[in-house]
Amino acid sequence: MLITYNETNKPVYSIKYFHPFFSVESKLMDDILHKILNAKEQRQRIRQQSGEVGNATISISFNIPGYPKSDERITQTFRVVRDDLAHYLVALRIPVDKKQVIVRCDEAGDIAFFPFQAKQQELPLFKEKLEAFEQTHPLGRLLDVDLFDGKANAISSHKQKTCFICKETPALHCMRNQTHSYEELRAHLREKMEKFLEERAEQQVSKQLAATALWAILTEVALPHKPGLVSPQSSGSHQDMNFHTFLASTSAITPHFQRVAIRGYQWNGKEPQAVLTQLRISGLEMEKDMFLTTQGVNTQKGVIFLMTFSLFTMAYTLKKTGTFDETVFKETLQTLNKGLVNRELKGSSNQNRSHGEQCFNTFGEELAGGIRKEVEQGLPTFFHEVTPFMKKIGFSSTDYRDQSHFENQCKRLLVKIMSINNDTNILFRSDAQTLHLLQEKSLKTLQGNEDLTKNESYGELMAFCTTKKISPGGSADLLAVSLFLDNVRTKTQKNTF
Ligand SMILES: [Zn+2]
């Protein structure tokens, strides 16, 4: 059943268009028709009331063939499109008073009214702009964006709408000739809406993940007074980089994050080997951009590796389960990296061995499995060590209103990680004994004052790193990834992601 409005805005009811209801009992059909017409009349009254206080009205609704005109999924889609239009109106400086916007779902479907003050002579121009919205929106052909003047008369551009299946044919032509069956129209509509929602979700999730990854990296590097590490106040034990080198390289690698997340979101869970190759390429591109920016200084190879896998796996998990399902996340990470330590570290004959490979040869798997072992096992440091510790100290990655408290909490996490992590950055610059001493000093710090500025052992830990010229960069990377994971976890639990 379709009701159309002709150019004078009088509804045109024709039994010819009622075919979608033929499957419905005639009495029921009458009822439904009656309800729809009632809803349409109420809508017209809303426009009239808006006109009585001198407003013109823009309304947006879906052009849904058949009945029912709405359901949960249609309303969900409508909400997104309605927000798109609201942004568009603000961008056009059309002065809509938000408080006066009316949103409803009646028997005729979902609709929103945007009343606004306008002079009559401005309306044709607004109409043109609204048509541009319809034409450029991905669901444009399914939309009716209408403009009514202060007397509730429709402003028409006299352009004919095209059919959303045939695209070039006027919609009226297909309707009159019943070119498309009710089922075909509804199926087409569903498909379009699902695709639209899917694309929006992909954009939204990947954008938020990329932003969270950047936040986590910046939060780690911005923490003041860390043992051996670069901070805004100090270059720690580093000679070749400072805080600004980190800002520059972080800026260089960040544009890759969203693409990695999109790849994870789109992954069908098959052929992990092909995925691994793709991720390695992304990682190499990031490293190239990092080295270009830092003029050859390795600031973030570790975090690039960990964050690439975390972003990809998180996007995949969110798509698959709708939340941060920790089992799916861990298993996916393990599947992707199965045998990584064996393949990349054991018996490596690579002439240009990485720090990780060199450490592995010198210290063996137990001590120097590094970040490869960490991802192969599904980030056990985060799930088995950091997470319980976060609970114990009441850490919140989303509450940073009290800056010094938040920074102190982050540094306690760092010290926790340092106390258990076999950091290959330390091994590479020194030896196993130094690593064990560092772990012991970290453990002692955790047993001391919670406020690290009053914790003597923390001071000793800082001095130890300076004297030994070591920097726990691997632990800092794990802190950044832990912040990322916890932040996503908290936001998904609170439904704010
Ligand atoms: Zn058609």
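Every residue in segment 108-138 that is within 18 Å of residue 193 (Cβ to Cβ) and open to solvent by 50 Å² or more (accessible area, probe 1.4 Å), please.
The answer is 136, 138.
Specify the residue that is nearest to the chain's Cα centre (by Cα); the eligible residues are those in segment 459-497 that are among the acidic types (Asp, Glu) and surrounded by fewer than 24 Cβ atoms within 10 Å (Cβ to Cβ).
486
Could we say that residue 257 is more than 30 Å from residue 406 (Cα to Cα) and either open to solvent by less than 20 Å² (accessible area, probe 1.4 Å) or not in a helix (DSSP H, G or I) (or both) here?
Here the answer is no, as residue 257 does not meet what is asked.
Quick one: count up the residues across segment 351-393 that are in a loop (DSSP other than H, G, I, E, B) and either open to solvent by less than 20 Å² (accessible area, probe 1.4 Å) or farther than 25 Å from residue 280 by Cα (or both). Spell out the reasoning first.
Filtering segment 351-393 for residues in a loop (DSSP other than H, G, I, E, B) gives 351-354, 364, 369, 377-379.
Now narrow it down to the ones that are either open to solvent by less than 20 Å² (accessible area, probe 1.4 Å) or farther than 25 Å from residue 280 by Cα (or both): 369, 378-379.
Going through segment 351-393 one residue at a time, the tally reaches 3.
Would you say residue 295 is within 23 Å of residue 241 (Cα to Cα) and surrounded by fewer than 15 Cβ atoms within 10 Å (Cβ to Cβ)?
Criteria met by residue 295.
For residue 170, which of the numbered conditions (1) within 16 Å of the ligand (Cβ to nearest atom); (2) open to solvent by less than 40 Å² (accessible area, probe 1.4 Å) fails to hold?
Going through the list (1) within 16 Å of the ligand (Cβ to nearest atom); (2) open to solvent by less than 40 Å² (accessible area, probe 1.4 Å), residue 170 breaks only (2).
Could you look through segment 184-227, keep only residues that are within 16 Å of residue 74 (Cα to Cα) and within 16 Å of the ligand (Cβ to nearest atom), and pick out the one that is surrounded by the fewest Cβ atoms within 10 Å (Cβ to Cβ)?
Ranking the qualifying residues of segment 184-227, first place goes to 191.
Return yes or no: is residue 59 among the small types (Gly, Ala, Ser), at pLDDT 95 or above and either surrounded by 21 or more Cβ atoms within 10 Å (Cβ to Cβ) or in a loop (DSSP other than H, G, I, E, B) (or both)?
yes
If you go through segment 402-458 one residue at a time, how many are acidic (Asp, Glu), surrounded by fewer than 16 Cβ atoms within 10 Å (Cβ to Cβ) and at pLDDT below 95?
1
For residue 54, indicate whether it is part of a loop (DSSP other than H, G, I, E, B), of a type in the set (Gly, Ala, Ser) and open to solvent by less than 10 Å² (accessible area, probe 1.4 Å).
Here the answer is no, as residue 54 does not meet what is asked.
Could you tell me whether segment 309-319 includes any residue that is farther than 20 Å from residue 374 by Cβ and exposed (fewer than 15 other Cβ atoms within 10 Å of the Cβ)?
Keep residues of segment 309-319 that are farther than 20 Å from residue 374 by Cβ, which gives 318-319.
With exposed (fewer than 15 other Cβ atoms within 10 Å of the Cβ) added as a condition, the list becomes none.
Taking every residue of segment 309-319 in turn, none turns out to be farther than 20 Å from residue 374 by Cβ and exposed (fewer than 15 other Cβ atoms within 10 Å of the Cβ).
Report the residue count in segment 139-153 for those that are open to solvent by 40 Å² or more (accessible area, probe 1.4 Å) and either over 26 Å from residue 46 (Cβ atoms) or in contact with a Phe, Trp or Tyr (Cβ under 7 Å, 6 or more places away or on another chain) (or both). Full working, then the answer.
First, pick out the residues of segment 139-153 that are open to solvent by 40 Å² or more (accessible area, probe 1.4 Å): 141, 146, 151, 153.
Subsequent filtering for residues that are either over 26 Å from residue 46 (Cβ atoms) or in contact with a Phe, Trp or Tyr (Cβ under 7 Å, 6 or more places away or on another chain) (or both) retains 141.
Looking only at that region, the number is 1.
Go through the residues of segment 262-277 one by one and say whether even a single one is among the acidic types (Asp, Glu), farther than 20 Å from residue 477 by Cβ and either assigned to a helix (DSSP H, G or I) or more than 19 Å from the chain's Cα centre (by Cα) (or both).
Yes, segment 262-277 contains at least one residue that is among the acidic types (Asp, Glu), farther than 20 Å from residue 477 by Cβ and either assigned to a helix (DSSP H, G or I) or more than 19 Å from the chain's Cα centre (by Cα) (or both).
The values are calculated or read from the model by the stated rules, or taken from the named source; none is laboratory data. Keep in mind that what you see is a predicted model, and the values were worked out from it rather than measured. Positions of Cβ are backbone-derived with ideal geometry, glycine not excepted, and every protein chain shown enters the neighbour counts. Each accessible area value is taken on the protein alone, full model and side chains, heavy atoms only, with ligands, DNA and RNA left out. Shrake-Rupley method; radii C 1.70, N 1.55, O 1.52, S 1.80 Å.
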